[in-house]
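*Asks:* Provided herewith is a single structure, encoded as structure tokens, for subsequent inquiry.
The values are calculated or read from the model by the stated rules, or taken from the named source; none is laboratory data. Keep in mind it's a predicted model, so treat the numbers as computed, not measured. FYI the Cβ positions are ideal-geometry reconstructions off the backbone, even for glycines, and counts take in every protein chain you see.
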Amino acid sequence: MDYFSNSCLSFLLLALSFQTYMACNPSDLLALNGFSNCLTSKIDGWNSTASDCCTWTGVTCDNSTYLSKRVIGLELGNKRLTGMICESLAGLDQLRILNLSHNLLHGTLPAKVFGLQNLEVLDLSNNDFVDSIPPIGKMSSIRYVDLSKNYFKGSINATLCEISPHIQVLNLASNNFSGEVSRSFGQCTSLQHLFLNSNSLSGNFPESLLQLQNLHVLHLEDNIFSGQLNAELGNLSNLVELDISSNRFSGNLPNVFGKLGKLEHFSANTNMFSGYLPESLVNSPSLITLDVDNNTLNGAININCSAMIHLVSLNLGSNNFHGPIPESISYCQSLNILNLSKNKLGGEIPYNFKNLQALTSLSLSKNNLANISGALGILQHCKNLTTLILSMNFQDEQIPGDVNLQFKNLKALAIPNCQLRGLIPLWLNGCKKLQLLDMSWNLLGGSIPLWIGNFNSLFYLDLSNNSFTGGIPMSLTGLQTLTDRNISTDGNAPCVPLYKTRVPSGSLQYNKIGSLPPTLDLSCNKLTGPIWPSFGNLKRLHVLKLNKNDLSGPIPDSLSGMSSLETLDLSYNKLSGEIPTSLVKLNFLSKFSVAYNQLCGEIPTGGQFLTFPNSSFMGNKGLGARDFAFCQLVDSPREQMTIIGLPFAVGSATGFVLTVNFFLQVWVGVPKARKKMKPINK
């Protein structure tokens with residue numbers, strides 16, 4: 001008996017030692033080494049000479065009690081892998097999870113990978129795979145497939161629905177798929193999340209998708225679907241999120257939202273929908289976000305905030321809504337973002353808007369609103385307001401100077417192209433959190449106050465196309481956000497349209513204020529005096545525009561310190577002296593102009609200066625001359641008077657012709673450039 005017990009114990013110990021030594025199935029080990037050999041990068045934590053692959057990075061084995069364990073998971077997401085996938089990967093026939101997402105893998109996918117019958121999760125997203133998806137094999141266990149953000153093309157292979165009826169998540173977004181959506185999608189009866197967005201899919205709203213009554217999330221945006229929405233959309237009663245934006249859908253929105261009792265997020269922006277907002281939509285108690293921006297919807301805004309108690313974001317911009325802004329919107333107590341821009345709304349801002357205490361972002365640009373004093377007096381009570389866009393309203397009114405106005409949390413204020421009169425108001429000095437201030441294309445005058453440079457977070461200032469006088473405040477050269485690389489602007493600022501004047505193309509819309517380049521634009525005013533050498537401290541500044549003023553003196557050599565500068569426009573001033581050769585150090589400078597000044601000497605060579613056109617330097621009669629004495633003559637009129645004889649006569653005649661030509665160009669060019677034309681918004 002003792003002998004038998006000892007034998008059993010010895011066998012058990014031997015088996016355990018084999019299990020420890022043979023922790024990875026030989027066929028799985030071979031498949032993993034074959035996968036690794038097809039890569040052009042190494043995988044940290046992998047050792048091809050070791051047999052225990054279950055300890056390798058990203059490899060998961062089962063709890064088998066056999067002599068070897070089987071690989072059931074390969075998760076190598078975001079490992080910066082390069083190379084291709086070989087068919088050897090299909091040797092992992094017990095694999096349940098395959099995640100190779102967020103890498104740099106390329107080439108075509110082996111067909112055998114789509115025949116792993118035990119696979120439940122397949123994530124190959126965010127790579128560079130090309131061509132069509134191979135035919136789907138026996139993937140009866142698959143639940144989750146993500147092939148988004150690659151370069152797959154052709155029609156979408158929907159045989160997956162026929163072979164794998166239990167699939168719940170399918171993400172094919174951001175590829176190059178084309179054609180119509182296959183009818184076989186109707187067999188994916190268990191599908192809950194479907195992402196087909198950002199492709200080139202066409203045809204009407206896919207009828208096969210109307211059969212998927214378990215759908216919770218459906219994204220079809222950024223395709224070329226067209227036609228009217230089917231009233232059977234109401235069959236998708238479990239929808240929580242529906243995005244059909246950026247397509248070519250037309251006609252009226254169907255009045256089916258009463259059947260979509262779970263719908264929280266609906267986006268249909270950038271289509272061709274017309275008519276009124278359907279009654280079931282504006283009375284939906286479940287909606288949290290509603291976005292129908294950039295259509296041709298019309299009528300009065302009839303949002304029922306008594307019913308839409310959960311509404312947080314309302315985007316009705318770029319339509320044809322008319323009439324006054326309804327006071328009923330003020331009863332949407334949870335409203336966080338409100339965009340009514342680019343409509344035909346008139347009248348004044350309702351007094352009860354002061355009750356919108358949750359409001360953080362408001363855009364009312366390009367309407368026909370009046371009474372800016374009343375508007376600001378009401379909106380100051382919205383204590384959480386951070387973004388306020390009022391462009392192209394309040395025409396020819398006086399900007400309020402009430403020092404008691406308070407916007408303590410305001411980060412972005414845009415009131416351009418309103419033809420506002422008056423001075424920069426003192427109450428702005430209390431907006432300590434300002435990151436963006438745009439008061440361009442108005443009729444504001446007086447001097448730019450010194451305190452304008454005291455904002456610790458200001459990174460975008462546009463005061464162009466006004467009538468400001470006096471010098472440039474030196475305080476602007478010390479803006480902390482533009483000098484300190486460690487200070488970041490609010491990149492998470494909301495997606496609120498900012499309509500900015502840009503000649504001659506009309507308007508420009510920035511979807512994210514935080515994405516604007518750090519800018520100082522003081523162009524098209526009547527500013528005098530020098531360009532301060534301390535501008536060179538603004539290392540984070542991308543755009544500096546001082547053109548079309550009356551600035552004088554030299555161009556400071558220290559401007560080369562603005563190492564991030566992309567645009568520098570000093571044209572149409574009275575600047576003199578030479579162009580500093582140090583400016584060739586500005587490696588990111590792509591737009592540069594010193595045209596129509598009084599500059600002289602040679603144009604710097606090297607760096608970005610090799611790319612600038614002649615128009616960047618024209619209108620400077622001494623510029624380009626190799627004789628540096630000519631610079632001195634221009635700057636020293638008394639020395640010119642001492643020159644006599646033939647050289648003086650020739651010089652005088654030449655100077656007269658150049659001077660007449662210069663002033664003719666200025667007389668013709670400047671008024672056109674300075675003329676404040678009301679832009680046409682396309």
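*Asks:* Please work out which one of (1) out of contact with any Leu (no Cβ under 8 Å at 6 or more places or on another chain); (2) closer than 25 Å to Trp56 by Cα; (3) surrounded by fewer than 20 Cβ atoms within 10 Å (Cβ to Cβ) is the condition Gly73 fails and give its number.
*Replies:* Unmet condition: (1).
*Asks:* Right, another one. Say we look at segment 618-641 and pick out the residues that are out of contact with any Phe, Trp or Tyr (no Cβ under 9 Å at 6 or more places or on another chain), part of a loop (DSSP other than H, G, I, E, B) and of a type outside the set (Asp, Glu); which of these is modelled with the highest pLDDT?
*Replies:* Ala625
*Asks:* Further question: Restricting the search to segment 285-304, which residues are on the phi < 0 side of the Ramachandran plot and over 30 Å from the mean Cα position of the chain (by Cα)?
*Replies:* Matches in segment 285-304: Pro285, Ala300, Asn302, Asn304.
*Asks:* Tell me whether segment 390-402 contains one or more residues that are outside any loop (DSSP other than H, G, I, E, B), crowded, with 19+ Cβ neighbours inside 10 Å and modelled with pLDDT of 95 or more.
*Replies:* Looking through segment 390-402, none of the residues is outside any loop (DSSP other than H, G, I, E, B), crowded, with 19+ Cβ neighbours inside 10 Å and modelled with pLDDT of 95 or more.
*Asks:* To continue, here is another question. Is it true that some residue in segment 112-129 is of a type in the set (A, V, I, L, M), more than 22 Å from Ser208 (Cα to Cα) and surrounded by fewer than 17 Cβ atoms within 10 Å (Cβ to Cβ)?
*Replies:* No, segment 112-129 has no match at all.
*Asks:* Right, Leu544: closer than 22 Å to Pro473 by Cβ, in a strand (DSSP E or B) and touching a helix residue (DSSP H, G or I) at 6+ places or on another chain (Cβ under 8 Å) or not?
*Replies:* Spelling it out, Leu544 is indeed closer than 22 Å to Pro473 by Cβ, in a strand (DSSP E or B) and touching a helix residue (DSSP H, G or I) at 6+ places or on another chain (Cβ under 8 Å).
*Asks:* Shifting gears a bit: Tell me which residues, restricted to segment 230-255, are under 21 Å from Asp293 (Cβ atoms) and either part of a helix (DSSP H, G or I) or at pLDDT below 95 (or both).
*Replies:* Leu233
*Asks:* Can you report the number of residues in segment 271-300 which are part of a strand (DSSP E or B) and crowded, with 21+ Cβ neighbours inside 10 Å?
*Replies:* 4
*Asks:* Select from segment 166-211 the residues that are over 33 Å from the mean Cα position of the chain (by Cα) and among the polar types (S, T, N, Q) and write down the one among them that is surrounded by the fewest Cβ atoms within 10 Å (Cβ to Cβ).
*Replies:* Checked segment 166-211; the qualifying residue surrounded by the fewest Cβ atoms within 10 Å (Cβ to Cβ) is Thr189.
*Asks:* Taking interchain pairs and intrachain pairs at least six residues apart, which have beta carbon atoms under 7 angstrom, with the first residue in segment 537-550 and in contact (Cβ under 8 Å) with a residue 12 or more places away in the chain and the second assigned to a loop (DSSP other than H, G, I, E, B) and among the β-branched types (Val, Ile, Thr)?
*Replies:* Leu546/Ile531
*Asks:* Count, please, the residues in segment 407-451 that happen to be part of a helix (DSSP H, G or I) and either within 14 Å of Asn393 (Cβ to Cβ) or touching a helix residue (DSSP H, G or I) at 6+ places or on another chain (Cβ under 7 Å) (or both).
*Replies:* 3
*Asks:* Of the residues Asn371, Asn319, Asn343, Asn404, which is on the phi > 0 side of the Ramachandran plot and without any contact (Cβ under 8 Å) to a residue 60 or more places away in the chain?
*Replies:* None of the others qualify; the one that does is Asn371.
*Asks:* What's the number of the condition Gln94 fails, among (1) in contact with a Cys (Cβ under 7 Å, 6 or more places away or on another chain); (2) in contact (Cβ under 8 Å) with a residue 60 or more places away in the chain?
*Replies:* Condition (1) is where Gln94 drops out.
*Asks:* Name the single residue, out of those in segment 313-325 being out of contact with any Leu (no Cβ under 6 Å at 6 or more places or on another chain) and either buried (at least 18 other Cβ atoms within 10 Å of the Cβ) or hydroxyl-bearing (Ser, Thr, Tyr) (or both), that is farthest from Ser391 (Cα to Cα).
*Replies:* Step by step, filter segment 313-325, then rank; the result is Ser313.
*Asks:* Restricted to segment 118-140, and to residues that are assigned to a loop (DSSP other than H, G, I, E, B) and at pLDDT 90 or above, which residue is farthest from Asp62 (Cα to Cα)?
*Replies:* It comes out as Ser132.
*Asks:* Which residue is modelled with the lowest pLDDT, if the candidates are limited to segment 474-497 and must be surrounded by 19 or more Cβ atoms within 10 Å (Cβ to Cβ) and touching a Gly at 6+ places or on another chain (Cβ under 8 Å)?
*Replies:* Looking at the filtered set, the residue picked out is Ala493.
*Asks:* Ok, one more. How many residues, within segment 324-349, are in contact with a strand residue (DSSP E or B) (Cβ under 8 Å, 6 or more places away or on another chain), in a loop (DSSP other than H, G, I, E, B) and not β-branched (Val, Ile, Thr)?
*Replies:* 8
*Asks:* Would you check if Ser48 is polar (S, T, N, Q) and within 24 Å of Thr108 (Cα to Cα)?
*Replies:* Answer is no for this residue.
*Asks:* Any residue in segment 27-40 that's touching a residue at least 60 places away in the same chain (Cβ under 8 Å): show its pairings with residues that are hydroxyl-bearing (Ser, Thr, Tyr) and surrounded by 15 or more Cβ atoms within 10 Å (Cβ to Cβ) at Cβ separation under 6 Å, as long as the two are six or more apart or on different chains.
*Replies:* These pairs meet every condition: Ala31/Ser88.
*Asks:* Tell me which residues, restricted to segment 583-613, are surrounded by fewer than 16 Cβ atoms within 10 Å (Cβ to Cβ) and of a type in the set (Gly, Ala, Ser).
*Replies:* Within segment 583-613, Ser590, Gly606, Gly607 meet the criteria.
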